[in-house]
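Comments concern the structure below.
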Amino acid sequence: MYGYYGYDPYLILVIPAFLLSLYAQYKVRSTFNKYSRMPNMRGLTGADVSRRILDSNGLYDVAVKPVRGELTDHYDPRTKVVRLSDPVYNSTSVAALGVAAHETGHAIQHKVNYLPLVLRSTLVPIANIGSSAGPYLAILGLVLGWSGLVNIGIILFTAAVAFYIVTLPVEFNASRRAVAILGETGILQGDELTSAKKVLRAAALTYVASAAVAMANLLRLVLMTGRRRRD
């Protein structure tokens, strides 16, 4: 049972991804805070920009509402609401406008049925179960010697990993849409647009890190299972 009750020889696989995750969190917060002190020349708020982009794309039925917290911004496709956090909704910073445009990009993806977004939405229910229960079921199966339970756990967790992987093109595409719209409409120009790009690139790194952590944990789980079966 070596490696299941004490020392885990495969834990080293997760450490680099975990360190990347810590760096990504630091990077997104420090970059956002830096450019939160840079107001845009037009004096527009994050809410203003979201509303303008939505209306210019015929998305009059999508609302823009504030949400509590920091970096809690998101688009809810079920209620068709772009929710902007406190540091974004009423802020005139280029960081706020970049984030607001990014979240509005998700609303545009929803309108055009962007395939990766559709796929991610389909994976949500099983991914929620897989990320929370999958690893525990697999480990329990290893301890009890129930290969069927191990397989179920791995399958569920694989679905969660697939969700993280599919999230990458969804987020990258939303950022590309945001940058293009901000530049083409003249909402941000020159250094302002460059600064907004830096904020979005830092945010994208957090999704890369999440996918890396999930894949490393899945590999660790598969290797643990293979070793147990050999033993």
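Each reported figure results from applying straightforward, stated rules to the coordinates on display, with no laboratory input. Nothing here was measured: the structure is a model prediction, and the numbers come from that model. A quick note on method: Cβ atoms are made from the backbone with ideal geometry, for glycine too, and the neighbour counts reach across all protein chains shown.
Tabulated data for the structure shown
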{"quantity": "Most positive-pole-ward Cα, SER210, SER93, PRO16, against dipole of the chain from beta carbon charges", "calculated": "PRO16"}
{"quantity": "Net charge dipole size for the chain [Lys, Arg +1 and Asp, Glu -1 on Cβ; Debye, nearest 20]", "calculated": "260"}
{"quantity": "Low-density loop cleavage sites - chymotrypsin sites (Phe, Trp or Tyr not before Pro) in the stretch 35-137, where at most 10 other Cβ are within 10 Å (DSSP)", "calculated": "TYR60"}
{"quantity": "Directionally averaged projected area (convex hull, Cα atoms, the stretch 74-218), nm²", "calculated": "9.6"}
{"quantity": "Spin-label pair TYR26/GLU184, simplified geometry with 7 Å Cα→Cβ offset, distance in nm", "calculated": "3.8"}
{"quantity": "Placed amide H near VAL67: partners under 5 Å, 5+ positions off or other chain", "calculated": "LEU84, SER85, ASP86"}
{"quantity": "Span-like helix ranges in the chain, DSSP H, alpha carbon extent 30 angstrom or more, Kyte mean at least 0.5", "calculated": "115-144, 147-184"}
{"quantity": "Relative contact order [Cα under 8 Å, 6+ residues apart], the chain, whole percent", "calculated": "25"}
{"quantity": "Dipole of the chain [Lys/Arg +1, Asp/Glu -1 at C-beta], most positive-end residue of THR225, ILE155, PRO77", "calculated": "THR225"}
